[in-house]
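S.K.: Below is the structure I would like to discuss, written out as structure tokens.
The values are calculated or read from the model by the stated rules, or taken from the named source; none is laboratory data. What you see is a predicted model; the values in this text were computed from it and never measured. Neighbour counts run over all protein chains shown; Cβ positions are idealised from the backbone, glycine included.
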Amino acid sequence: MDMKNTQYKVAAVQAAPIFLDLQASLKKAIGLIEEAAKNGAKVVSFGETWLSGYPWWIWLDAPAMGMQFVQPYFESAMEVGGPEHQQLCDAAKRNNIFVCMGFSERAGGSLYIAQLMIDDQGETIAARRKLKPTHVERTVFGNGDGSDLKVHDTSIGRLGALACWEHIQPLSKYAMYSQDEQLHFAAWPGFSLYEGKAHALGWEVNTAASLIYAVEGSCYVIAPSCMVSQQMHDVLCDTDLKKDFLPLGGGYARIYGPDGSELAEPLPHDQEGIIYADIDLGAIAVAKAAADPAGHYSRPDVTQLLFNPKPQRPVVMRDEYNAGKEPVAEQAPAEETAD
């Protein structure tokens, strides 16, 4: 990495997409990318499933009610390698900016909570999937695998990403920390759901999860946040109870330094916009000197992580399998037994 690329401005988006409308959401996203670049940002990040919205209906009613949204949500999902993906790459290149986009990924007949990382030359760094959808998200989305826990070496540092409650999975986080991550994208869907009724889903807990990730990983964390818009309300909330379950707003975008310091002035939770911070990757060395959990502050003689980073696919062609071209699931080593 060129030393001149260790200091730059980063941006976190706090905004709602156009729900269930991929083209309109993409147009809005490109406008936000352009705005961030005009304001001097080298990196901009969007929240969980920003394209084309988080499926809030799964928390609001019985599964049968939600079936009406299955087809439009599937049709508004983005495919890796598709034309919308290319438009994002073109926008990144045109504006000379790195982009991390949260999106609902359509692959075959399945959907995945995904994050797309693109560099400032419009090249795709990675498209990764959330390892385990949370609670009722599993009625919509499939699982990722160990290949999605990866940190990528780029011209501006080592970049990684996780979505939402992956930030409360200690082992997944540790796998990321072990790869010397420097800039982390923490994608969140917004925090208005069950306001005052489920503290664990609220902004205090989840912004704290981003903060702790920064401290544990000794890295910078960009934590963009989606929002609940009036348009989403009009589509989803046909009763007073649903309106009470899902208030408007819920945006709590944050940017944290490797010592846990908050680096950007937050926006009001019901206001769309972009927050910015100037970062210096050199400060990571100071944080790691105090505590590097996957380095000098570890105790591998006491605790170790068994991490399988290989992709796992449901179908492996026999010729590929015999040629060893396709990684397959590996069994954990058998425990040693005393003689």
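S.K.: So for region 227-249 (the condition being within 16 Å of the chain's Cα centre (by Cα) and surrounded by 20 or more Cβ atoms within 10 Å (Cβ to Cβ)), does at least one residue qualify?
M.R.: Within region 227-249, one or more residues are within 16 Å of the chain's Cα centre (by Cα) and surrounded by 20 or more Cβ atoms within 10 Å (Cβ to Cβ).
S.K.: Then there is this: List the residue pairs whose Cβ atoms are under 9 Å apart, where the first residue sits in region 138-159 and is more than 12 Å from Asp180 (Cα to Cα) and without any contact (Cβ under 8 Å) to a residue 60 or more places away in the chain, the second is of a type in the set (Phe, Trp, Tyr) and surrounded by 17 or more Cβ atoms within 10 Å (Cβ to Cβ), and the two are 6 or more positions apart or on different chains.
M.R.: Once the first residue is more than 12 Å from Asp180 (Cα to Cα) and without any contact (Cβ under 8 Å) to a residue 60 or more places away in the chain and sits in region 138-159, its partners that are of a type in the set (Phe, Trp, Tyr) and surrounded by 17 or more Cβ atoms within 10 Å (Cβ to Cβ) give Phe141/Tyr112; Gly142/Tyr112; Asn143/Tyr112; Gly144/Tyr112.
S.K.: A follow-up question, please. Does Tyr252 meet the test of being of a type outside the set (A, V, I, L, M, F, W, C) and assigned to a strand (DSSP E or B)?
M.R.: no
Residue-wise test of (1) of a type in the set (S, T, N, Q); (2) modelled with pLDDT under 95.
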position: Asp244; (1), (2): no, no
position: Asp270; (1), (2): no, no
position: Asp280; (1), (2): no, no
position: Gln312; (1), (2): yes, yes
position: Met317; (1), (2): no, yes
position: Ala323; (1), (2): no, yes
position: Val328; (1), (2): no, yes
position: Glu336; (1), (2): no, yes
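S.K.: Would you point out which residue out of Lys150, Lys173 is part of a loop (DSSP other than H, G, I, E, B), under 24 Å from Pro311 (Cβ atoms) and not small (Gly, Ala, Ser)?
M.R.: Lys150
S.K.: If you don't mind, another one. Please indicate, with yes or no, whether at least one residue in region 31-51 is in contact with a Leu (Cβ under 8 Å, 6 or more places away or on another chain) and free of Cβ contacts under 8 Å to residues at least 60 places away in the same chain.
M.R.: yes
S.K.: Looking at Phe103, Phe46, which is the one that is at pLDDT 95 or above and in contact with a Pro (Cβ under 7 Å, 6 or more places away or on another chain)?
M.R.: Sole residue among the options that is at pLDDT 95 or above and in contact with a Pro (Cβ under 7 Å, 6 or more places away or on another chain): Phe46.
S.K.: Just to be sure I understand, how many residues within region 128-142 are part of a loop (DSSP other than H, G, I, E, B) and within 13 Å of Arg106 (Cα to Cα)?
M.R.: 3
S.K.: Could I ask something else about it? Would you check if there is a residue in region 252-264 being basic (Lys, Arg) and either in contact with a strand residue (DSSP E or B) (Cβ under 8 Å, 6 or more places away or on another chain) or at pLDDT below 95 (or both)?
M.R.: yes
S.K.: Of all residues in region 153-166, how many are in a helix (DSSP H, G or I) and either in contact with a strand residue (DSSP E or B) (Cβ under 7 Å, 6 or more places away or on another chain) or among the aromatic types (Phe, Trp, Tyr) (or both)?
M.R.: Adding up the residues that qualify gives 2.
S.K.: For region 21-46, how many residues meet the condition of being under 15 Å from Phe98 (Cα atoms) and part of a loop (DSSP other than H, G, I, E, B)?
M.R.: Residues in region 21-46 being under 15 Å from Phe98 (Cα atoms) and part of a loop (DSSP other than H, G, I, E, B): 3 in total.
S.K.: Exactly one condition in (1) in a loop (DSSP other than H, G, I, E, B); (2) free of Cβ contacts under 8 Å to residues at least 12 places away in the same chain is not met by Ala285; state its number.
M.R.: The single condition Ala285 does not satisfy is (1).
S.K.: Can you give me the number of residues within region 92-123 that are without any contact (Cβ under 8 Å) to a residue 40 or more places away in the chain, over 17 Å from Cys164 (Cβ atoms) and in contact with a strand residue (DSSP E or B) (Cβ under 8 Å, 6 or more places away or on another chain)?
M.R.: Here the count works out to 3.
S.K.: Given the conditions (1) in contact with a Leu (Cβ under 6 Å, 6 or more places away or on another chain); (2) surrounded by fewer than 20 Cβ atoms within 10 Å (Cβ to Cβ), which single one is not true for Ser76?
M.R.: Answer for Ser76: the failing condition is (2).
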